[in-house]
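Chemist: Please find one structure pasted underneath; my questions will follow.
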Amino acid sequence: MLLIAIEEHGNIHRAAESLAMSQPAASKLLKDLEDLIGVPLFERLPRGMRATWYGESMIRHARIALSSLGEAGAEIEALKAGHAGQVSIGAIAGPAMTLVPPALARLDREHPDLRISVLMESSDVLLEQLSQNRLDLMVGRLFARHDKRNLHYEPVAEEEVCAIARPGHPLLERRKPTLAELAKLPWVVPPEGSVLRHRFELMFQNAGLQAPRKVTATAALVLLPRLLHDGDQLAVVPVDVARYYVAHGMVGIVPIDLSCRMDSFGFITRTDWLLSPGARTVLDTLKAVAAQVYPAARTGPRRA
């Protein structure tokens, strides 16, 4: 707690005050720790203190330790109250639409005391949340740019993408529109920097075409049906998301195969963090449901 307080306040006097201890006691505690480890944890500056590389490492582990103790306390309180614990999971859009709902339904039947929260976001955001212990596990992707240390990845399935349009859109009546026709139309696409946006534009370039110029960029999938409703825009989305909207009569799938498919997604957990019994139950249920939702997929553990 002292290490974190010094890092947050930049001053041992204010850090000691925030912990209701005297400055001499805080200074002695810090010196004892540095003597024990054998390295300086903070640089003493004219106007405060700054963590060294050693200090940054210790602070990171201190945060993990405090977070773990906080989780333990919350878990004990949940058990005392008759609950089986709190579990936080994250998922990218496709599996959030098709895998997570039936898994939650099964968990509600078989483990009604489990309290579960779900975050739907991009893999980048979910991985950051996982690293900060804000998620117990996630369903997403790992790319070359991601730091795969301390992560365990178990593939589930590949994710195809498709084009969707409002019901009654002229392209839905065509037998098979061409990519050249699609390039001339307005689109709703993922934000710049996203993998799907890059592969979407590359698909046109590889065909010798210019990528669509008139685009609306958004990551808010919930807005898509409304954005498409009043015009002739198309949108590129994972097939699982498209099927959900189609089932509710909100969009139609344009009859053309898009080559900008996504990489496989899978279950991601941390190897330096033990899952609680509740989180293990959720993960096991997700795996069981995935075998039914994606029966053609071959899954197997792989350490990243």
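Chemist: Which Rg and Dmax, in Å, describe the Cα atoms of segment 79-227?
Modeler: 19.3, 64
Chemist: Can you pull the percent of the chain's accessible area that's carbon plus sulfur, 1.4 Å probe, other chains left in place?
Modeler: 54
Chemist: Given a 1.4 angstrom probe, what's the average accessible area per residue across the chain, in square angstrom?
Modeler: Computed with neighbouring chains in place, this is 55 Å² per residue.
Chemist: Putting +1 on Lys and Arg Cβ atoms and -1 on Asp and Glu Cβ atoms, find which of 66, 188, 220 reaches farthest to the positive end of the dipole of the chain.
Modeler: Positive-end residue among those listed: 188.
Chemist: Taking amide H positions as placed 1.01 Å from N in the peptide plane, with prolines and chain starts having none, which residues 5 or more places from residue 49, or on another chain, fall under 5 Å of its amide H?
Modeler: 11
Chemist: Scale the Cα Rg of the chain by the rule-of-thumb value 2.2 N^0.38 Å and send over the ratio, two decimals.
Modeler: 1.28
Chemist: Now for a different question. Tell me which trypsin sites (Lys or Arg not before Pro) from segment 194-274 have a DSSP coil assignment and no more than 12 other beta carbons within 10 Å of their own.
Modeler: Within segment 194-274, the qualifying trypsin sites (Lys or Arg not before Pro) (loop, at most 12 other Cβ atoms within 10 Å) are 213, 214.
Chemist: A further question on this structure: Any idea what Rg and Dmax come out to for segment 172-304 if you just take the C-alpha atoms, in Å?
Modeler: Rg and Dmax of segment 172-304, Cα atoms, are 18.3, 53 Å.
Chemist: For a protection proxy built on the mean count of beta-carbon atoms within 10 angstrom, sort 2-11, 113-122 highest first, please.
Modeler: Ranking the peptides 2-11, 113-122 by packing returns 2-11, 113-122.
Chemist: While we're looking at this one, here's another question. Mind counting lysine pairs for me in the chain? Cα separation below 26 Å, and the two need to be 8 or more apart along the chain or on different chains.
Modeler: So the count of such lysine pairs works out to 4.
Chemist: Okay, moving on. Multiplying the sequence separation of residue 275 and residue 17 by 0.36 nm and subtracting their Cα-Cα distance, what value in nm do you get?
Modeler: Roughly 89.4 nm would be gained on extension.
Chemist: Sort 146-157, 17-28 by the packing proxy (mean of other Cβ within 10 Å over each peptide's residues), most packed first.
Modeler: 146-157, 17-28
Chemist: Which value, in Å² and to the nearest 10, is the accessible area of residue 244 when all protein chains are kept and the probe is 1.4 Å?
Modeler: About 90 Å², ignoring ligands and nucleic acids.
Chemist: Another question, then. Using a Förster radius of 35 Å, what is the FRET efficiency between residue 29 and residue 129 based on their Cβ-Cβ separation? Nearest 0.05, please.
Modeler: It comes out at approximately 0.65.
The values are calculated or read from the model by the stated rules, or taken from the named source; none is laboratory data. Predicted model, so just to flag it, every value in this text is computed and none were measured. Cβ sites come from the backbone with ideal geometry, for glycine too, and all protein chains shown count toward neighbours. For accessibility, only protein heavy atoms count, side chains too; no ligands or nucleic acids. Shrake-Rupley method; radii C 1.70, N 1.55, O 1.52, S 1.80 Å.
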